[in-house]
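A.B. asks: The structure's right below; bear with me while I get my questions together.
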Amino acid sequence: MRKALQVAALENGTAIDHIPPQALFKVVSLLQLQQLNNRITIGNNLRSSKIGTKGIIKVADKFFEEDEINRIALVAPNVTLNIIKNYEVIEKKKVILPDEIIGIVKCNNPKCITNNEPMKTRFHIIDKEKVELQCHYCEIKIKKEEIIL
Amino acid sequence: MEILPMKPKSLVDINDYNKDDILRILNNAAKFKANPDRDFLKGKVCATLFFEPSTRTRLSFETAINRLQGRVIGFSDTATSSLTKGESLKDTIMIVSNYVDLIIMRHYLEGSARYASEISPVPIINAGDGSNQHPTQTLLDLFSIYETQGTLENLTITVVGDLKYGRAVHSLIEGLSYFNPTFNFVAPEELKIPEKYKTFCDQKGIRYKEFAEFSIEAINSADILYMTRVQRERFTDLMEYEKVKNVYVLHNDMLKNSKDNLKVLHPLPRVKEIDQDVDDNPKAYYFQQARNGMFTRQAVICDLMRIEVV
Ligand SMILES: [Zn+2]
């Protein structure tokens, strides 16, 4: 019982809720959680009244920057962010897809300069609803399901 | 104080130029055509960096520079250049931009010129980046149309051949989009115009018709007949290629009821898609079109170097 509580409760930090199970590990990598030393709790395939099953990620003592957290919208546009201070949710946020994504998505075109030169990729979001991207360099368009991180 | 609109620093993509930019270039190209030997680049050095060979394009650029009394350094393919062996594009651009006032580059990787323009302190002209962009080709096409028709507005352009992979055609559609064109797209099933360009036309209110056959109707309604190569290697079904290879060929007798003002253009090199018997028809304009490339490039170079063409 005590153990269960320890997992569930977060004194200070961020809880990312309602992650579609298939997107959970992509969210982990988008936020580069593997590089954090904070206490992190990850649950997946949990029951959800909203979306059937869901994933959840809790990161203690971490409050993400807007542009960091908005990356999630690439793979999970409907997540809920709970900002927790002193065991209380002080803010609930939605993620918003930015106009431009730098250095996260890989270009699908093998003849693109970004795949052949030590440089950051850059994509323009050309359709926020459908999550369609366009490479700033080679100009190819990438659909949501084709996104490679 | 009057704020002048910012001219683009580099030319990577035809969309870097708006309508005013395009018209300014075409008017200056006309000045160079009337008087090509000028001294606007005296004391300047330009680089032609051809990471992928393209003799025709390189000669056109280098002649443009020579006729302006500028000097040229560079290489014509990476096999003969030790500078680029194993070196990143960034390093090559950073080094060469120390020496010159402008860089003209052709590269097999798509997006290379955009990247170069972001890191280079001197202007970049994209002379082709893989199958992506080749904006001076578009400008010379536009100049040839402008010059022969006296306007770019309200023209009917019939484009024939490989409309799927044809970069020149795609950029021409974008470049003409400011001028209320009507397009006839003539292509075999396997090479028809991609959906995204039809969507582009729809968004811009541009009228177009598609033809699966090289019909006389598409020729006779045109002000410009823009021919392109139908290449064997583009076909997944070689039977299909065998079927169409002799169909998308222009012969002189097909022009007999065409409009008086019609001109036949082709980005060159041609293979078989324009029969030699068209060459002597005054409506054939592809060799003059290639020559126009030089004047258009003179105009682009001066524009990027902020040299006023008088
Ligand atoms: Zn790309």
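The values are calculated or read from the model by the stated rules, or taken from the named source; none is laboratory data. Predicted, not measured: the structure shown is a model, and the values here were computed from it. Every residue, glycine among them, receives a Cβ derived from its backbone with ideal geometry; neighbour counts consider all protein chains shown. Just so you know, the surface numbers come from the protein's heavy atoms only, side chains and all, with ligands and any DNA or RNA stripped out. Shrake-Rupley method; radii C 1.70, N 1.55, O 1.52, S 1.80 Å.
A.B. asks: In sequence order, what are the phi-derived ³J(HN,Hα) couplings for the range B:262-278 according to the Karplus relation 6.51 cos²θ - 1.76 cosθ + 1.60 with θ = phi - 60°, rounded to whole Hz, with x for glycine and proline?
C.D. replies: Residue by residue, the range B:262-278 yields 4, 10, 9, 10, 7, x, 6, x, 9, 10, 10, 6, 10, 5, 4, 5, 7 Hz.
A.B. asks: I've got another one for you. Take each of the peptides B:14-26, B:181-193, average the number of other beta-carbon atoms within 10 Å over its residues, and list them starting from the highest.
C.D. replies: Ranking, from highest mean packing down: B:181-193, B:14-26.
A.B. asks: Just to verify a number: FRET efficiency for B:Glu217 and B:Glu189, C-beta to C-beta distance, R0 = 22 Å, to 0.05?
C.D. replies: For B:Glu217 and B:Glu189, the calculated efficiency is 0.75.
A.B. asks: While we're on this one: Please give the FRET efficiency for A:Gln32 paired with A:Glu88, using the beta carbon to beta carbon distance and R0 = 30 Å, rounded to the nearest 0.05.
C.D. replies: 0.65
A.B. asks: I want to make sure I understand the PRE zone here: with the label point 7 angstrom from the Cα of B:Glu240 toward its beta carbon, which residues in the range B:192-232 have backbone N atoms less than 13 Å away?
C.D. replies: Residues B:192-194, B:231-232 qualify, since their backbone N sits under 13 Å from the label point.
A.B. asks: Report the one residue of B:Tyr99, B:His170, B:Thr136 whose Cα lies farthest in the direction of the positive end of the charge dipole of the protein assembly as shown (charges on C-beta: Lys and Arg +1, Asp and Glu -1; origin at the Cα centre).
C.D. replies: Sorting the options by dipole projection puts first B:Tyr99.
A.B. asks: For the range B:136-290, calculate the relative contact order in percent as a whole number, restricting contacts to Cα pairs under 8 Å that are 6 or more residues apart. All intermediate terms of the calculation are to be shown ahead of the outcome.
C.D. replies: On the way: 261 pairs, mean separation 38.0, N = 155.
25 percent.
A.B. asks: Something else now. Please list, by residue number, every one of the GluC sites (Glu not before Pro) in the range A:1-110 that is coil in DSSP and has at most 15 other beta-carbon atoms within 10 Å.
C.D. replies: A:Glu11, A:Glu65
A.B. asks: Using DSSP to call loops (not H, G, I, E or B), can you name the trypsin sites (Lys or Arg not before Pro) in the range A:45-149 whose Cβ has at most 13 other Cβ atoms within 10 angstrom?
C.D. replies: Taking the range A:45-149 and a limit of 13 other Cβ atoms within 10 Å, the loop trypsin sites (Lys or Arg not before Pro) found are A:Lys50, A:Lys120, A:Lys128, A:Lys130, A:Lys143.
A.B. asks: Another question, if that's okay. Could you sort B:242-249, B:161-168 so that the peptide with the highest average Cβ count within 10 Å comes first and the rest follow in order?
C.D. replies: Result, highest mean Cβ count within 10 Å first: B:161-168, B:242-249.
A.B. asks: Calculate what fraction, in whole %, of the accessible area of chain B sits on carbon and sulfur atoms when a 1.4 Å probe is rolled over the protein chains.
C.D. replies: 49 percent
A.B. asks: Another one. What is the extension gain from A:Lys141 to A:Phe63, computed as 0.36 nm multiplied by their sequence separation minus the C-alpha to C-alpha distance, in nm to one decimal?
C.D. replies: Working it through step by step, the gained length comes to 24.8 nm.
A.B. asks: Can I ask one more? Report the paramagnetic label zone for B:Glu87: residues of the range A:102-145 whose backbone N is under 16 Å from a point 7 Å from Cα along the Cα-to-Cβ axis.
C.D. replies: The answer is A:118, whose backbone nitrogens lie closer than 16 Å to the label point.
A.B. asks: In debye, nearest 20, what is the charge dipole magnitude of the range A:13-94 about its Cα centre with +1 on Lys and Arg Cβ and -1 on Asp and Glu Cβ, if you could check?
C.D. replies: Numbers: 12 positive and 8 negative charges, 71 e Å.
I would put it at about 340 debye.
A.B. asks: What's the ranking of B:290-298, B:213-221 by average number of surrounding C-beta atoms within 10 Å, highest first?
C.D. replies: Output ranking for B:290-298, B:213-221: B:290-298, B:213-221.
A.B. asks: Shifting gears a bit: Okay, which of the range B:217-241 sit inside 15 Å, backbone N to the point 7 Å along the Cα-Cβ direction of B:Arg56?
C.D. replies: Residues B:226-231 fall inside that zone.
A.B. asks: Under 20 Å Cα to Cα from B:Lys33, which lysines show up? Leave out anything in the same chain fewer than 8 places away.
C.D. replies: B:Lys42, B:Lys263, B:Lys283
A.B. asks: Moving to a separate point now. Between B:Lys272 and B:Asn257, what is the label-point separation in nm under the 7 Å Cα-to-beta-carbon projection?
C.D. replies: Reported label-point gap for B:Asn257 and B:Lys272 is 2.7 nm.
A.B. asks: Separation between the B:Lys19 and B:Asp77 pseudo-spin-labels, each 7 Å from Cα along Cα→Cβ, expressed in nm?
C.D. replies: Here the modelled spin labels are 4.3 nm apart.
A.B. asks: Could you sort the residues of the range B:108-128 by number and keep only those whose accessible area is reduced by 40 Å² or more in the all-protein-chain setting relative to the chain alone, 1.4 Å probe?
C.D. replies: Hits at the 40 Å² cut-off: B:Leu109, B:Glu110, B:Arg114, B:Tyr115, B:Glu118.
A.B. asks: Also: Straight-line reach only, C-alpha to C-alpha below 23 angstrom: list the lysines that A:Lys141 could link to, leaving out same-chain residues fewer than 8 apart.
C.D. replies: A:Lys26, A:Lys106, A:Lys111, A:Lys120, A:Lys128, A:Lys130, B:Lys164, B:Lys192, B:Lys196, B:Lys198, B:Lys204
A.B. asks: Mind checking which aspartates and glutamates have their Cα closer than 19 Å to the Cα of B:Lys209? Skip sequence neighbours fewer than 8 apart in that chain.
C.D. replies: Candidates past the 8-residue exclusion: B:Glu153, B:Asp162, B:Glu174, B:Glu189, B:Glu190, B:Glu195, B:Glu217, B:Asp223.
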